[in-house]
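Data first, discussion second: the structure below is written as C-alpha cells.
The values are calculated or read from the model by the stated rules, or taken from the named source; none is laboratory data. Fair warning: this is a prediction, and the values are worked out from it, not measured in the lab. Cβ placement follows ideal geometry from the backbone for every residue including glycine, while neighbour counts extend to all protein chains displayed. To get the accessible areas, we keep the full protein, side chains included, count just its heavy atoms, and leave off ligands, DNA and RNA. Shrake-Rupley method; radii C 1.70, N 1.55, O 1.52, S 1.80 Å.
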Amino acid sequence: MSKQTDRNREIARHVFTGSTTMVGVCVTVIALFRVMKISMSTYADEILGIDNFIFIIAALLSYSAIRKENNTRMERWADILFFTGMLIMMLVGIIIVFSTY
C-alpha cells in the first residue's frame with residue numbers, strides 16, 4: 001500500500017471512533033433534554049436527532065472504507081459527514097447556551 005492509502009485509512013479510523021463517540025453524545029444530550037423538559041422550548045433535540053443520523057452514516061462509511069482495500073470516495077464522504085456533524089453540534093451548543101441563559 002502507498003503512503004496516501006495508509007494516511008486515508010488512518011483518517012477513516014479516526015472518523016470511525018469519533019463518529020461512534022458522537023452518536024453516544026447526541027443520544028445522551030437528547031435524553032437530558034427530555035428529562036429536563038427543555039425540548040419544548042428549543043429545536044436542539046430535533047437537530048441533534050438529525051446530527052445523530054449523520055454521525056451514524058459517517059461511522060458506517062468509515063467502517064466500510066477501513067474494510068475495503070482502496071476506497072477513497074467512501075473515506076472522503078465519511079470525513080465530510082463527520083465534519084458536517086461537528087459543525088451542527090457546534091450550532092446546537094450555541095442554541096443551548098442562548099436558550100438556557
Tally of residues being farther than 14 Å from ARG13 by Cα and at pLDDT below 95 across region 53-68: 0
Within region 60-88, considering residues that are under 8 Å from the mean Cα position of the chain (by Cα) and crowded, with 19+ Cβ neighbours inside 10 Å, the one nearest to PHE16 (Cα to Cα): PHE82
Region 24-67, subset assigned to a helix (DSSP H, G or I) and touching a Phe, Trp or Tyr at 6+ places or on another chain (Cβ under 6 Å), residue farthest from LEU91 (Cα to Cα): TYR63
Region 17-58, subset open to solvent by 70 Å² or more (accessible area, probe 1.4 Å) and in contact (Cβ under 8 Å) with a residue 40 or more places away in the chain, residue farthest from ASP79 (Cα to Cα): SER41
Criterion violated by ASN70 - all others in (1) in a helix (DSSP H, G or I); (2) in contact (Cβ under 8 Å) with a residue 12 or more places away in the chain satisfied: (1)
